[in-house]
Amino acid sequence: MRLALVAARDKSTADVQRESDPKNPLELVTAFMFAGLFLAMLIITQLAVTYLGQGGVYTLAAIMGVSDVDPFIMGLTQAAGSLTPVKVAAGAILIAAASNNVVKGSTPTASPTRRRACRACCS
């Protein structure tokens, strides 16, 4: 019985095709891209605080929630208290996280296939 299960499992996994090869997340290109994005978000966040005020930071938070909130949140937490008021930073982080959740939650309904939707929503 056990041999039949092992044979069936080996047969079913042999036919699986990968869509793409896994990449090493610790490559220098990835690190430099993240560093560039982080630096750009720091600059954009500080420009929004300086020239656009609280409303500009909140608008930027909503826009960044659509894409990637991590560099935005890291930039705000580094500047919170010194350049950005703590209340503004906290509100902007909540807005960015909320808009990111809305986008991720609406992905399954907009995706044509359930498999792609699950992959996009659970990443």
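The values are calculated or read from the model by the stated rules, or taken from the named source; none is laboratory data. Since the structure is predicted, the reported quantities are computational estimates derived from the model, not experimental observations. All Cβ positions, even for glycine, are placed from backbone atoms using ideal geometry, and neighbour counts span all protein chains on display.
A compact table of results
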| item | result |
| --- | --- |
| Residue tally, condition without any contact (Cβ under 8 Å) to a residue 12 or more places away in the chain and not polar (S, T, N, Q), over region 64-84 | 3 |
| Residues satisfying the stated conditions in region 24-80, i.e. polar (S, T, N, Q) and closer than 24 Å to N101 by Cα | T45, Q54, T59, S67, T77, Q78 |
| Helices (runs of 4 or more DSSP H) enclosed by region 32-123 - at least 2 residues per element that are surrounded by fewer than 16 Cβ atoms within 10 Å (Cβ to Cβ) and modelled with pLDDT of 85 or more | 53-66, 86-110 |
| Some residue of region 9-27 being β-branched (V, I, T), in contact with a Phe, Trp or Tyr (Cβ under 8 Å, 6 or more places away or on another chain) and modelled with pLDDT under 80 | no |
| Cβ-Cβ under 9 Å pairs, at least 6 apart or on other chains, region 22-46 side over 11 Å from P71 (Cα atoms), far side among the β-branched types (V, I, T) | K23/T30; N24/T30; Q46/T84 |
